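See below for the structure under consideration.
What follows draws every value from the coordinates through simple rules; no lab data is involved. All values reported here derive from a predicted model rather than from experimental measurement. A quick note on method: Cβ atoms are made from the backbone with ideal geometry, for glycine too, and the neighbour counts reach across all protein chains shown.
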Amino acid sequence: MTKTKKTQLSNTFIAKIQKNLEEEKKHLEAELDKFTKKNSHIDDDYEATYPEYGDKSDENAQEITQYLTNKPLEMQLEKTLRDVDKALKRIKDGVYGICKYCDQPIEEKRLEARPTSSACVSCKKTLTQEI
Ligand SMILES: [Zn+2]
């Protein structure tokens, strides 16, 4: 892929976003650490651990309930973590803030509200029918 556009954002703005993203990453990893095991073979892949409350049937039921609560949470956190990583990579590559679909700069306001955005509002709208 050839990079035709460079980000138009100021270094100060990028530095602020990068700091936010790095903090978000630490936070997400700490959250995941509480109830998942990291996959040592694949980066940023986590498995919800199966809780052990005991062997009684109500304890087993509790374990299942807890696991079923953890699993979607794990997937959500993992997805966010991947988005954060992708955004950090775009900063490193100097293409942060450029829409990946139309190559136009993404509005600063949008990036501030959602630093992991990789598409501008109009492309996102076309794709998902929502902002
Ligand atoms: Zn776009």
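So if I take the alpha carbon set of segment 11-95, get Rg, then get Rh from the Kirkwood formula, what is the Rg over Rh ratio?
With Rh from the inverse mean 1/r over Cα pairs, Rg/Rh is 1.15.
Quick one: longest stretch of the chain between exposed loop chymotrypsin sites (Phe, Trp or Tyr not before Pro), exposed meaning at most 16 other C-beta atoms within 10 Å and loop per DSSP?
Segment 1-52 is the longest.
Pick out, from ASN20, THR49, THR65, the residue whose Cα sits farthest towards the positive end of the charge dipole of segment 11-95, with +1 on the Cβ of Lys and Arg and -1 on the Cβ of Asp and Glu.
ASN20
Under a point-charge model restricted to the Cβ atoms of Lys and Arg (+1) and Asp and Glu (-1), what is the dipole moment magnitude of segment 8-62 relative to its Cα centre, in debye to the nearest 20?
Charge dipole, segment 8-62, about its Cα centre: 400 debye, nearest 20.
With a 10 Å Cβ neighbour count serving as the proxy for reagent exposure, in which order, fewest first, do HIS41, HIS27 appear?
Listed from fewest to most nearby Cβ atoms, that is HIS41, HIS27.
Please go through segment 71-128 and write out the trypsin sites (Lys or Arg not before Pro) that DSSP classes as loop and that have at most 15 other C-beta atoms within 10 Å.
Qualifying residues, ordered by number: LYS100.
With r defined as the distance between the Cβ atoms of ALA30 and ILE64 and R0 fixed at 30 Å, what FRET efficiency is calculated, to the nearest 0.05?
Approximately 0.75, to the nearest 0.05.
Modelling each spin label as a point 7 Å along the Cα-to-Cβ direction, I'd like the ASP45/SER122 distance in nm, to one decimal.
About 3.9 nm separates the two model spin labels.
Once you charge only the Cβ atoms, +1 for Lys and Arg and -1 for Asp and Glu, what is the size of the charge dipole of the chain about its Cα centre, to the nearest 20 debye?
Here the size comes out at about 1120 debye.
Roughly speaking, what is the centre-to-centre gap between segment 46-62 and segment 101-116 when only Cα atoms are used, to the nearest Å?
Computed from Cα coordinates, the inter-centre distance equals 42 Å.
For ILE106, what residues show an amide H to amide H distance below 5 Å, using hydrogens built from the backbone and excluding near sequence neighbours?
Residues meeting the criterion, in which the H sits 1.01 Å from N, are ILE98, CYS99.
Given Cα pairs under 8 Å that are at least 6 residues apart, what percent is the relative contact order of segment 11-95?
Value for segment 11-95: 35 percent.
Between exposed GluC sites (Glu not before Pro) in the chain, where DSSP calls loop and at most 10 other Cβ atoms lie within 10 Å, what's the longest gap?
53-129
Counting other C-beta atoms within 10 Å, and keeping those with at most 16, which DSSP coil trypsin sites (Lys or Arg not before Pro) do you find in segment 1-70?
LYS3, LYS5, LYS6, LYS56
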